[in-house]
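Below: one structure, written as structure tokens.
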Amino acid sequence: METAMSFTQPTTTSGMSPRRLLGAYLEEARSECLRYMRAPGFMLPVMLFPAMFYLLFGVLMARSEGADVGRYLLASYSVFGVMSPGLFGFGVSLALERDGGLLTFKRALPMPPGAYLLGKMLMAMAAATVVILLLLALALSLGHVTLTPVQIAALLLTGVLGVLPFCALGMFVGTLIKGQGAPGMLQLIYLPMSFMSGLWFPLPMLPKFLQQIAPVWPSYHLDQLALAAVGMRQGALLPHVLVLFGFAAVFLLLATQRLRRHG
Amino acid sequence: MTHSDPVIARLEVAVKRYGRRVALDGADLAVRRGELLALLGPNGAGKTTAIGLLLGLLRADAGTVELFGQDPQRIEARRRIGVMLQNAELPPTLQVGELLRLTASYYPTPRALAETAELAGVGDLLKRPYAKLSGGQQRRVQFALALCGRPELLFLDEPTVGMDIEARQKLWMAIRQLLAEGWSVLLTTHYLEEAEALADRVCVMAHGRMIHEGTVEALRARVARKRIRCRSALTIDTVRGWPEVSEASQDGERLHITTADAEIVVRRLLGADAQLRELEVQRAGLAEAFTELTRDADEASNADQREAA
């Protein structure tokens, strides 16, 4: 018995090679992407809403008003489309997984630090890419918008990185609310914020007061960057980048604090 | 199993409060290498809190919590454990094989996928999305996730809830196989037969403390009661009148008697009814032992509260 025991004695060491550690991060991101790409309940609304709005306002109704309107609305609806994988992909899933015990389970496992959040972030970035590609396809084919390759690349980059402040906001809301309450709460943030940032109708068409407070919303700043990307806006971009960066940092900090404290 | 085996998970006078409620009130627990320790206790006894401390999910307000001699919140300590929690909703759209691959990636030297699948009996489920599985199959997958990292210590929280008898037997066999290979298990369960079938030692909790720790045998012995069953024409009132009988019930002509002095009661029974048939005497099961222990603890705790009031 003794010899048998020592023979099969567990030989696991707790050391983890850097390669396996990187592998764990990649597996986490891959699983996160796979599970949401396979969930039509998540992907369909995220993709179809901006595409439908763009078709309606940017293509059909803008036909008589020239390509500039189509181009302007491409930028705005890209921002509208990019917000939702950030807010919902991050916020709703975090709220549900805190409720359903998955987060607890993952915290008990030796998952490398940050892999969970990093995985969700990459998933949101992937979903944002898909949304923008879809809008670009609509704009270039049906909307008769012309863009240079640099402009296309700039819009993609704006979207893929622009999703991150909304991930941070979604994450914060996900730590405030558990379970099924989160989607409703996030809609209450998502839709009014989109409207008040001039994503549905250009800002100059909105009441004076809303125009004045628009710089409060992160989506306003991302819209400025997206407009610049498609060549509809001149002027300094750095202030907008900094505001978005600060916004992301503040909410990420608040959210990680809450997660650490309340789980 | 000897007392010299090293302790790999330990609680020492651990205290955990949630606001004014004390969930753990100086609890001690030690899991030794190579053993299966069953943690028993009624709901609200503090089992989940004790497990939560050992997994690093919670921080103790006082006392010592150690996993392989380290703080369980250190990832190095958790790389040596496998976990099966009572209610964790896994990603519904991921396939079983994908879940195994992901969980195995967290560990330094995991088992091969095929080996894990074989041990946990999920080989035929690898391509199925998690959400399409039955409750029992999902539990098996969760068991597979617990052992895929080749952990030295398994935490199994109510592992067989929702399983049919056959699936439960299979899981027990897999657990015995792991124990034979020298792994250790901390099991919480409501099924006392599960503890009886698997455990080297049993730890009973009530009101945030350990009220009994020892072998299954010792727990049974602590409660000296025996069960007597027979068919007899005697009335229940006659039997209840005997001073040695602590409880008696009747079901048709079948009598169930609980007593601390089985020999005396059997002699009385045979003397009073020459026609008595199908006589059976049994030592109380873990269930009775357990009920009695926790009832004592309840009374003690109530007495404390009365004194405090």
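Looking at segment B:82-98, which of its residues are within 8 Å of chain A (Cβ to nearest Cβ) and hydrophobic (A, V, I, L, M, F, W, C)?
Residues satisfying the conditions are B:V83, B:L85, B:A88, B:L90, B:L94.
Against the condition modelled with pLDDT under 90 and more than 10 Å from chain B (Cβ to nearest Cβ), how does A:L74 come out, does it pass?
no
Would you check which residues across segment B:258-279 are in contact with a strand residue (DSSP E or B) (Cβ under 8 Å, 6 or more places away or on another chain), at pLDDT below 90 and under 27 Å from B:E196 (Cα atoms) and list them?
B:T258, B:T259, B:A260, B:A262
Can you run down the residue pairs with Cβ atoms below 7 Å, 6 or more apart or on separate chains, where the first is in segment B:244-258 and in a strand (DSSP E or B) and the partner is small (G, A, S)?
Qualifying pairs under 7 Å: B:S246/B:A260; B:L255/B:S232; B:L255/B:A248; B:H256/B:A248; B:H256/B:S249; B:I257/B:A248; B:T258/B:S246.
Would you pick out the residues in segment A:186-205 that are aromatic (F, W, Y) and surrounded by 14 or more Cβ atoms within 10 Å (Cβ to Cβ)?
Once the filter is applied, which keeps residues that are aromatic (F, W, Y) and surrounded by 14 or more Cβ atoms within 10 Å (Cβ to Cβ), segment A:186-205 yields A:Y190, A:F195, A:W200.
Say we look at segment A:38-68 and pick out the residues that are within 22 Å of A:K120 (Cβ to Cβ) and without any contact (Cβ under 8 Å) to a residue 12 or more places away in the chain; which of these is farthest from the other protein chains (Cβ to nearest Cβ)?
The qualifying residue farthest from the other protein chains (Cβ to nearest Cβ) is A:L48.
Which condition number in (1) more than 9 Å from chain A (Cβ to nearest Cβ); (2) touching a Leu at 6+ places or on another chain (Cβ under 6 Å); (3) more than 21 Å from B:E158 (Cβ to Cβ) is the one that B:Y106 fails?
(1)
Can you find even one residue in segment A:246-259 that is at pLDDT below 90, within 14 Å of chain B (Cβ to nearest Cβ) and either open to solvent by 20 Å² or more (accessible area, probe 1.4 Å) or in a helix (DSSP H, G or I) (or both)?
Within segment A:246-259, one or more residues are at pLDDT below 90, within 14 Å of chain B (Cβ to nearest Cβ) and either open to solvent by 20 Å² or more (accessible area, probe 1.4 Å) or in a helix (DSSP H, G or I) (or both).
Within segment B:169-195, can you find the residues that are open to solvent by 20 Å² or more (accessible area, probe 1.4 Å) and at pLDDT below 85?
Result: B:H190, B:Y191, B:L192, B:E193.
Can you name every residue in segment B:57-67 that is closer than 15 Å to B:L29 by Cβ and within 9 Å of another protein chain (Cβ to nearest Cβ)?
B:L58
Which condition number does B:P72 fail, the rest of (1) within 11 Å of another protein chain (Cβ to nearest Cβ); (2) over 25 Å from the mean Cα position of the chain (by Cα) being met?
Condition (2) is where B:P72 drops out.
Any chance segment B:114-122 includes a residue that's at the interface with chain A (Cβ under 10 Å from one of its Cβ atoms), surrounded by fewer than 20 Cβ atoms within 10 Å (Cβ to Cβ) and part of a helix (DSSP H, G or I)? Quick ask: steps written out before the conclusion?
Step one: of segment B:114-122, the residues at the interface with chain A (Cβ under 10 Å from one of its Cβ atoms) are none.
No, there is no match, as no residue in segment B:114-122 is at the interface with chain A (Cβ under 10 Å from one of its Cβ atoms), surrounded by fewer than 20 Cβ atoms within 10 Å (Cβ to Cβ) and part of a helix (DSSP H, G or I).
Suppose the filter is closer than 24 Å to B:L113 by Cβ and hydrophobic (A, V, I, L, M, F, W, C); does B:L219 pass it?
no
When the residues of segment B:214-241 are filtered to those that are within 12 Å of B:A38 (Cβ to Cβ) and in contact (Cβ under 8 Å) with a residue 24 or more places away in the chain, which remaining residue is least open to solvent (accessible area, probe 1.4 Å)?
Checked segment B:214-241; the qualifying residue least open to solvent (accessible area, probe 1.4 Å) is B:L219.
Residues of segment B:80-104 being open to solvent by less than 20 Å² (accessible area, probe 1.4 Å) and either hydroxyl-bearing (S, T, Y) or within 24 Å of the chain's Cα centre (by Cα) (or both), which ones?
Our first condition is that a residue be open to solvent by less than 20 Å² (accessible area, probe 1.4 Å); within segment B:80-104, this holds for B:81-84, B:88, B:90-91, B:94, B:96-97, B:99-100, B:102-104.
If the condition is that a residue be open to solvent by less than 20 Å² (accessible area, probe 1.4 Å) and either hydroxyl-bearing (S, T, Y) or within 24 Å of the chain's Cα centre (by Cα) (or both), then B:I81, B:G82, B:V83, B:M84, B:A88, B:L90, B:T103 are the ones that fit.
Can we say B:Q73 is of a type outside the set (S, T, Y), open to solvent by 20 Å² or more (accessible area, probe 1.4 Å) and either within 17 Å of B:L187 (Cβ to Cβ) or at pLDDT 95 or above (or both)?
Here the answer is no, as B:Q73 does not meet what is asked.
Among the numbered conditions (1) over 18 Å from B:T294 (Cβ atoms); (2) open to solvent by less than 60 Å² (accessible area, probe 1.4 Å), tell me where B:G19 comes up short.
Of everything listed in (1) over 18 Å from B:T294 (Cβ atoms); (2) open to solvent by less than 60 Å² (accessible area, probe 1.4 Å), B:G19 misses just condition (2).
Of all residues in segment A:126-153, how many are without any contact (Cβ under 8 Å) to a residue 24 or more places away in the chain and buried (at least 17 other Cβ atoms within 10 Å of the Cβ)?
Going through segment A:126-153 one residue at a time, the tally reaches 1.
Can you pull out every residue in segment A:82-126 that is assigned to a helix (DSSP H, G or I), within 11 Å of chain B (Cβ to nearest Cβ) and in contact with a Leu (Cβ under 7 Å, 6 or more places away or on another chain)?
A:E97, A:L102, A:T104, A:F105, A:R107, A:A108, listed by residue number.
So which of B:R201, B:R209 ends up being open to solvent by 50 Å² or more (accessible area, probe 1.4 Å), at pLDDT 85 or above and either touching a strand residue (DSSP E or B) at 6+ places or on another chain (Cβ under 8 Å) or not hydrophobic (A, V, I, L, M, F, W, C) (or both)?
One residue alone meets the criteria, B:R209.
The values are calculated or read from the model by the stated rules, or taken from the named source; none is laboratory data. Predicted, not measured: the structure shown is a model, and the values here were computed from it. Cβ sites come from the backbone with ideal geometry, for glycine too, and all protein chains shown count toward neighbours. To get the accessible areas, we keep the full protein, side chains included, count just its heavy atoms, and leave off ligands, DNA and RNA. Shrake-Rupley method; radii C 1.70, N 1.55, O 1.52, S 1.80 Å.
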